[in-house]
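The values are calculated or read from the model by the stated rules, or taken from the named source; none is laboratory data. Since we're looking at a predicted model, the values are computed, not measured. Heads up, the Cβs are rebuilt from the backbone with ideal geometry, glycines too, and the neighbour counts pull from every protein chain shown. These area figures cover heavy atoms from the full protein model, side chains too; ligands, DNA and RNA do not enter into them. Shrake-Rupley method; radii C 1.70, N 1.55, O 1.52, S 1.80 Å.
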Amino acid sequence: MAAITAAMVGELRAKTDAPMMECKKALTEADGDMGRAEEILRVKLGGKASKASARITAEGVVATYISGNVGAIVEVNSETDFVAKNEEFLAMVNLAAKLVAENNPADVAALAALPHDGKTFDDVRTALIGKIGENMTVRRFQRFETTGKLASYLHGTRIGVIVDFEGADEQVGKDLAMHIAAMKPVALSSEQVPAEMIEKERSVAELKAKEDAEKAVAEGKQPQSEEIVAKRIDGSVQKYLKEVSLLNQAFVKNDKQSIEQYLKASNTTVKAFTMYVVGEGIEKKVDDFAAEVAAQMAANKQ
């Protein structure tokens, strides 16, 4: 019988995206014949894992895990919302969050290599791909380890938040996490809002001011002075910063009170937070059914 080396297992896994142990079993059954091993895996797994790997994953779920002062939030994507409701898929995502919290992997590749019940996490993922027939990818995660407290909130499975805070009242942390999920701030304070986002908002305000000036001229009116226009643009930017920075937002449970005021009254300090929204920023594939039919008809005529 041929000796099955780690390099052979790695090569077969790269070709098929099948779980490592399944690759080893297939090579053993095929007596080291790589082509035969591929055929065995195709029969066993239906070729699902390798075929699925190129497909877009814009659905999925967010999960959180907290144990004491350590926690994690993770987003794992799937191709369809149907799979995102699958119990085995949800169990895999919760496992990912737990592994991140407990092992502090440097990146997604390091998470994939973490051991679990005699396998790696990636073995768990690829086996589930083979079973269900959809691609599944770990998109991102964030780990927290704090001297304070952690609170989390999940809005269904599509929006998740973890907050790192200091304060006596646990409910304040939960309220903050819920507020963040509802109001979606991009930073803790206005000073922390990314510069590129501010510049984008300023550009929008400048374009609006230019359109207003052109409209005034077309209507035979005197356009506003450069000084007034500049103040309007700055005002728009400041309004934007107030809307997207957590401390400046009106508290969702009491809009007469800002988050900063709520925290002060509760003797609480927010150190950091992370919010994930499933599929945020991923370009989803949109099928043009009419174009597809037309293309097929044209191909049939040739």
Q: Give me the percent of Cα-Cα pairs in the chain that sit more than 26 Å apart, rounded to a whole number.
A: 61 percent
Q. Counting every Cα pair in region 151-221, what percent are over 13 Å apart?
A. 74 percent
**Q.** Descending semi-axes in whole angstrom, ellipsoid equivalent of region 59-145, from the Cα gyration tensor
**A.** 21, 14, 10
Q | Highest-MSF residue in the chain out of VAL217, VAL172, VAL237 [GNM, Cα springs under 10 Å] | A | VAL217
(Q) Projecting each Cα onto the charge dipole of the chain (Lys/Arg +1, Asp/Glu -1 at the beta carbon, about the Cα centre), which of MET20, VAL70, ALA91 comes out farthest on the positive side? (A) ALA91
Q: Any chance you could give the angle, 0 to 90 degrees and rounded to 10, that helix 289-301 forms with the longest Cα principal axis of the chain?
A: 40 degrees
Q | Over 24 Å between alpha carbons, listed pairs LYS208/LYS256; LYS200/LYS256; LYS184/LYS256 | A | LYS208/LYS256; LYS200/LYS256
Q.
Whole angstrom only: what separates the Cα centroid of region 174-231 from the Cα centroid of region 104-158?
A. 37 Å
Q | Accessible area, probe 1.4 Å, largest first, for residues VAL252, VAL161 | A | VAL252, VAL161
Q: Kindly rank 74-81, 58-65, 203-210 from highest to lowest mean number of other beta carbons found within 10 Å of each residue.
A: 58-65, 74-81, 203-210
Q. Taking the Cα centre of region 109-251 as origin and charging only Cβ (+1 Lys, Arg; -1 Asp, Glu), how large is the dipole, in debye to the nearest 20?
A. 400 debye
Q. If you rank HIS116, HIS179 by how much accessible surface each has, with a 1.4 Å probe, what is the order from largest down?
A. HIS116, HIS179
Q: Let me know the volume per residue of the alpha-carbon convex hull for region 191-270, in Å³.
A: 118 Å³
Q) Using the Cβ atoms and a cut-off under 14 Å, what net charge is assigned to the surroundings of ALA151, where Lys and Arg are +1 and Asp and Glu are -1? A) -2
Q) Between LYS208 and LYS119, what length comes free when the chain is fully extended (0.36 nm per residue of separation minus the Cα-Cα distance, one decimal in nm)? A) 26.4 nm
Q: Let me have the relative contact order for the chain, percent, based on Cα pairs under 8 Å that are six or more residues apart.
A: 18 percent
Q) Counting only protein heavy atoms and using a 1.4 Å probe, what share of the accessible area of the chain belongs to carbon plus sulfur, as a whole percent? A) 52 percent
Q) Within straight cross-link reach of LYS119, meaning Cα distance under 17 Å, which aspartates and glutamates are found once same-chain residues fewer than 8 apart are removed? A) ASP17, GLU22, GLU88, GLU102
**Q.** Given charges at beta-carbon only (K, R positive; D, E negative), |dipole| of the chain in Debye
**A.** 300 debye
